[in-house]
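Novice: Structure incoming, see below.
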Amino acid sequence: MRRCACLAAAAAALQQPPRRAALHRLQAAKEIAKFDPQDFAMETGAWPYTAADLNRLDNSDDASFYAQPRFVAHIDDRAIESLTAFYSDEFAAMGAGEDGLDVLDTCSSWISHLPTDAAYGRVAGLGMNAAELEKNPQLTETCVRDLNVDPTLPYDDESFDVVCNVVSVDYLVKPQEFFAEVHRVLRPGGRALISFSNRCFQTKAVAMWLQADDIDKLTIVASYCHYAAKFKEIAALDIKLPPLPMPERPSPGDMMKNPSAAMAWASASAAAARANSGDPMFAVRAVKRTKPAKSRK
């Protein structure tokens, strides 16, 4: 698919180490690109994607596919840690205020990956499986809804400070309507945080996602934000935490004297190598334009 002009060199940027001095204390994100309106082929309100782009190998009822709860993690531990660190930095930058942040977790399940040390007001979870939502300890309220049947969000205008979507944007067949709704329920200055990795249920992901590389996927999500609503700023981010340091290898003499130290080194090295070579983690952040704030309902 057509890439935005600002992403012409972004593929190379993904291979560069993080600029640590420029990151927040958790070093949770590296900005790849910012998007301006002129980076897109058409204006907000237009829609460049066809039914073929949003077609799926399996167009059967999603309610049947998600009927059984899946109490599993869809990304590995390091990717989860990276996502939580990213949220922590974003929430700290926003400031929680006295009432805490109101968060909407869309396509939610039994875990929301939210930092436990942040201050929250309400944390609403909207997902496909009631049993998964009920097991999620971070949610203060739940709603079961198939966004591919009804992409509206059952919440008042300007109800949330943050709307999250984790490794699920690739399954949306009505993204224009969904992202317009995300914009509607966000307060001025609120943030949409859309994250994804390289895993998916391939039969349920839309066609253009399956054909896209990482840069194209970032472009797709950014374009959803642009075409569906007038977000103030849209940015593509690599949110994978910096590589874990490899433990120092004991000398041959030390290994001979203490075989258990050699085993511990081998185990720690293998764990660090797995973490460093595991799932990538990307996000698109979109911020709603500010205006005189309405009182919270």
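Novice: How long, wide and thick is segment 90-132, going by the Cα atoms along their three principal axes, in whole angstroms, largest first?
Specialist: Per principal axis, max minus min of the Cα coordinates gives 32, 15, 13 Å.
Novice: Give me Rg/Rg_expected for segment 46-100, where Rg uses Cα atoms only and Rg_expected = 2.2 N^0.38 Å with N residues.
Specialist: Details: Rg = 18.4 Å, N = 55, 2.2 N^0.38 = 10.1 Å.
Taking the Cα Rg and dividing by 2.2 N^0.38 Å, one obtains 1.83.
Novice: Continuing with this model, one more query. Could you run the Karplus curve 6.51 cos²θ - 1.76 cosθ + 1.60 with θ = phi - 60° over segment 177-182 and give me ³J(HN,Hα) per residue in whole Hz, x for Gly and Pro?
Specialist: For segment 177-182, the Karplus curve yields 5, 5, 5, 5, 5, 4 Hz.
Novice: In square nanometres, what is the average projected area of the Cα convex hull of segment 71-190?
Specialist: Computing the convex hull of the Cα atoms and averaging its projections yields 7.1 nm².
Novice: Could you size up the charge dipole of segment 198-270 around its Cα centre, putting +1 on the beta carbon of Lys and Arg and -1 on that of Asp and Glu, and report it in debye to the nearest 20?
Specialist: Values: 8 positive and 7 negative charges, 48 e Å.
So the magnitude is around 220 debye.
Novice: Add +1 for every Lys or Arg and -1 for every Asp or Glu among the other residues with Cβ under 12 Å from the Cβ of G125, and state the total.
Specialist: Values: positive: R122, K135, R145; negative: D105, E132, E134, E141.
Net charge around G125: -1.
Novice: Please get the size of the charge dipole for segment 74-118, origin at its Cα centre, with Cβ charges of +1 on Lys and Arg and -1 on Asp and Glu, quoted in debye to the nearest 20.
Specialist: Charge dipole, segment 74-118, about its Cα centre: 140 debye, nearest 20.
Novice: A further question on this structure: Name the residues whose placed amide hydrogens come within less than 5 Å of the amide hydrogen of Y120, ignoring near sequence neighbours (fewer than 5 apart) on the same chain.
Specialist: When sequence neighbours closer than 5 places are left aside, the close amide H contacts are L101.
Novice: To the nearest 20 debye, what charge dipole does segment 132-206 have about its Cα centre, counting +1 at the Cβ of each Lys and Arg and -1 at the Cβ of each Asp and Glu?
Specialist: On the way: 8 positive and 12 negative charges, 71 e Å.
Dipole of segment 132-206, to the nearest 20 debye: 340 debye.
Novice: Can you give me the P(r) profile for segment 169-237? Cα pairs, bins 5 angstrom wide beginning at 0, each as a whole percent.
Specialist: 3, 16, 29, 24, 17, 8, 3, 0
Novice: Now a separate question. Just the accessible area per residue of segment 128-180, please: how many Å² with a 1.4 Å probe?
Specialist: Working: 2050 Å² over 53 residues.
In whole numbers, segment 128-180 has 39 Å² accessible per residue.
The values are calculated or read from the model by the stated rules, or taken from the named source; none is laboratory data. Just so you know, these numbers come straight off a predicted model, no measurement behind them. Cβ sites come from the backbone with ideal geometry, for glycine too, and all protein chains shown count toward neighbours. Please note that ligands, DNA and RNA were not included when accessible areas were found on the heavy atoms of the full protein model with its side chains. Shrake-Rupley method; radii C 1.70, N 1.55, O 1.52, S 1.80 Å.
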